[in-house]
Ligand code: NAD
């Protein structure tokens, strides 16, 4: 039921990461001490119940450096909004670009609960939406933009962050325009529809001294963060296998939605839902794969899948030989992330939806809360922009994922040949 709600919301379709020491040297003592610490940490983590907003060790377990450099945009002074205070506590103003289902049903309501940011403006190509949004969220005329006058957002001190929530192929253009306007950018997944576009987006943010984060909400969410700890900290020993699936049946909805048009989506379920599974594998071990093999599934609903794949299965190969199997389809339903380690296992099912997540390990049920992920995500991202700190979901991660997705497509197009990444 919850699964179904999530899909309805997500799609609005008709029915929607210690080294060891050698003998005979002073490092021996260190080794013993190290082993003890490691053992204590494992025991602690096994019985750990995750605190919201941070990990057991108080650090992000899968953070990469972001593209942020000097942060001129984050130092702008807001002039008008009552919600804003000054300095480190100042709420950052977000402008949502694209007022579709995700913006309307998830992000805008979440921005009513965030502490580090607020909904300051909108960018839309649909004039009929403007009045409703202005009234509902108390947005002044001067913070309303369309796609033509969007670049003048550069002159608006109320807007610190532009959040791109458009069809996938439009992410690059609006991220680059926002960066040139000296605004930080949050860009929805998938970051782009090609590796080249993702690189251009990163370059634009670097050149303009603004931050770029991807809308990877699961990095802020307790169940998936627990999986990062279990895998990356080797709580049950070394990870020996990973399996995940994320699929939704679109075959009774509108066949003309942008998600089924290659020029707008860049691809089918892999770009939209499979990306979560790829992410899941990477954050289970805190590494990127080195190679992939993949196969497209049979097209049984050609009315829907004449431009994009109906389904695709893949195997990600990591440098230590670990294989992570993944599947995604627009013609069936599944939502899971499983890991097996030397001394235990875990399962999230559902794993990726907005709500209703459940998790279990070989030691019992995960006693964790479902939270409003987008609130945690945007508050975390706003804080990193404001403090000029690296994001835990930086543009570099989005680029990495684009390389993996494109390698999956390349393998599948070439009869499952092994493609190195
Ligand atoms: P949607 O179809 O509901 O909204 C798309 C918006 O883009 C609409 O407001 C539409 O008017 C606008 N748009 C502008 N040009 C368009 C064009 N040429 N064709 C179609 N629409 C056009 O889509 P959505 O579900 O809100 O998804 C938007 C983005 O958000 C996608 O990149 C998607 O992958 C991402 N998303 C992420 C999550 C998440 O959980 N992180 C969930 C849903 C969607």
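Checked against (1) touching a strand residue (DSSP E or B) at 6+ places or on another chain (Cβ under 6 Å); (2) under 27 Å from residue 220 (Cβ atoms); (3) surrounded by 19 or more Cβ atoms within 10 Å (Cβ to Cβ), residue 259 passes all but condition (1). When every residue of the stretch 77-91 is checked against the conditions, at least one turns out to be within 25 Å of the chain's Cα centre (by Cα), closer than 15 Å to residue 385 by Cβ and modelled with pLDDT of 95 or more. Is one or more of the residues making up the stretch 223-230 farther than 14 Å from residue 177 by Cα, away from the ligand (no atom under 12 Å from the Cβ) and in a loop (DSSP other than H, G, I, E, B)? Within the stretch 223-230, not a single residue is farther than 14 Å from residue 177 by Cα, away from the ligand (no atom under 12 Å from the Cβ) and in a loop (DSSP other than H, G, I, E, B). Among the listed residues 190, 289, which satisfies the condition of being touching a helix residue (DSSP H, G or I) at 6+ places or on another chain (Cβ under 6 Å), modelled with pLDDT of 95 or more and assigned to a loop (DSSP other than H, G, I, E, B)? So the residue among 190, 289 that is touching a helix residue (DSSP H, G or I) at 6+ places or on another chain (Cβ under 6 Å), modelled with pLDDT of 95 or more and assigned to a loop (DSSP other than H, G, I, E, B) is 190. Sub-7 Å Cβ pairs linking a first residue in the stretch 163-178 that is within 6 Å of the ligand (Cβ to nearest atom) to a second residue that is part of a loop (DSSP other than H, G, I, E, B), at least 6 apart or interchain, are 165/98; 165/100; 165/188; 166/98; 168/190; 168/193; 168/266, ordered by first then second residue.
Among the residues examined, residue 401 does not qualify as part of a helix (DSSP H, G or I) and within 30 Å of residue 90 (Cβ to Cβ).
The single condition among (1) within 16 Å of the ligand (Cβ to nearest atom); (2) surrounded by fewer than 20 Cβ atoms within 10 Å (Cβ to Cβ); (3) under 15 Å from residue 374 (Cβ atoms) that residue 186 does not satisfy is (2).
The values are calculated or read from the model by the stated rules, or taken from the named source; none is laboratory data. Quantities reported herein were computed from a predicted structural model and do not represent experimental measurements. Cβ atoms come from the backbone with ideal geometry, glycine included; neighbour counts cover every protein chain shown.
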